[in-house]
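Structure record follows, encoded as structure tokens.
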Amino acid sequence: MKASLFVTRFATKCVAPAALLLALVAAPIVNAADTLPPAKSLKVPELKYEKFVMPNGLLVLMHEDHHLPLVAVDLWYHVGPLNERAGRTGFAHLFEHMMFEGSANIGKGEHFRLIAERGGGLTRDERFDLLGGLSIGRSKDADIQIEDRYASSIHARLFSREGRHFVEDMKSTNGTLLNGGALHGEAELVDGDTIQIGDTVFRFEAS
């Protein structure tokens, strides 16, 4: 059975879906054409950028904006499902996950450590395969390193036993929540379970 762990981040304050739906239902229904001014033509702002090619063939598009002291990097590969032939699909996704298993130049899970050390973090819906198990915590030695103020160095671990998957709290300071309840020791995971460490939430999925 294939199993994965997905990352979710919940805001500390948000509008509950039910309350939002109630607000939408209670709002009076009007004809937008009767209340809105005539639409103006949309003027798309010009985005100035530099374009050049690195010695290794990497194409770079660089836009500078000095309003904030931040740097954002987005890396795109010109390969994916769009390039796959009918009857031979899924390879792009397979190779993506093979990359995280390590290579001659970088060890298994090292991508996540390097990203975290350089100021990056987990993103919503990021996925981790549970083949071989993994640990979660603030330590650089954790397979999934999270910068969460409530996380311990090695906070929790996920592992397999006889074809089933389990989560275990590693005697953390602030505890681990499984589906909203305190986790004591280890517990078996089923499809859809949520694991919460501080403000960081993971969802377990089995297929």
**Message:** Anything in segment 147-179 that is in contact (Cβ under 8 Å) with a residue 24 or more places away in the chain, open to solvent by less than 70 Å² (accessible area, probe 1.4 Å) and in a loop (DSSP other than H, G, I, E, B)? List them, or say none.
**Reply:** 148, 151, 155, 163, 172
**Fill in**
Considering segment 72-81, residues that are modelled with pLDDT under 80 and of a type in the set (A, V, I, L, M, F, W, C), and then whichever is farthest from residue 57 (Cα to Cα), we arrive at 72
**Request:** Quickly run through segment 63-81 and pick out the residues that are closer than 29 Å to residue 146 by Cα and surrounded by 10 or more Cβ atoms within 10 Å (Cβ to Cβ).
**Result:** 80
**Asked** In segment 180-207, how many residues are exposed (fewer than 14 other Cβ atoms within 10 Å of the Cβ) and not in a strand (DSSP E or B)?
**Response** 7
**Prompt:** Would segment 82-89 turn up any residue that is open to solvent by 80 Å² or more (accessible area, probe 1.4 Å), in a strand (DSSP E or B) and modelled with pLDDT of 80 or more?
**Reply:** yes
**Item:** segment 157-184, residues that are within 20 Å of the chain's Cα centre (by Cα) and of a type in the set (Val, Ile, Thr)
**Value:** 167, 176
**Prompt:** So is residue 143 among the acidic types (Asp, Glu), open to solvent by 50 Å² or more (accessible area, probe 1.4 Å), modelled with pLDDT of 85 or more and on the phi < 0 side of the Ramachandran plot or not?
**Reply:** yes
**Fill in**
residue 107 meets each of (1) surrounded by fewer than 15 Cβ atoms within 10 Å (Cβ to Cβ); (2) modelled with pLDDT under 85; (3) closer than 22 Å to residue 199 by Cβ with one exception, condition (3)
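The values are calculated or read from the model by the stated rules, or taken from the named source; none is laboratory data. The model shown is predicted, which means the values in this text are computed figures rather than measured ones. Don't worry about glycine lacking a Cβ; one is built from the backbone with ideal geometry, like all the others, and counts go over all protein chains shown. Ligands, DNA and RNA are excluded from the accessible area calculation, which covers all protein heavy atoms including side chains. Shrake-Rupley method; radii C 1.70, N 1.55, O 1.52, S 1.80 Å.
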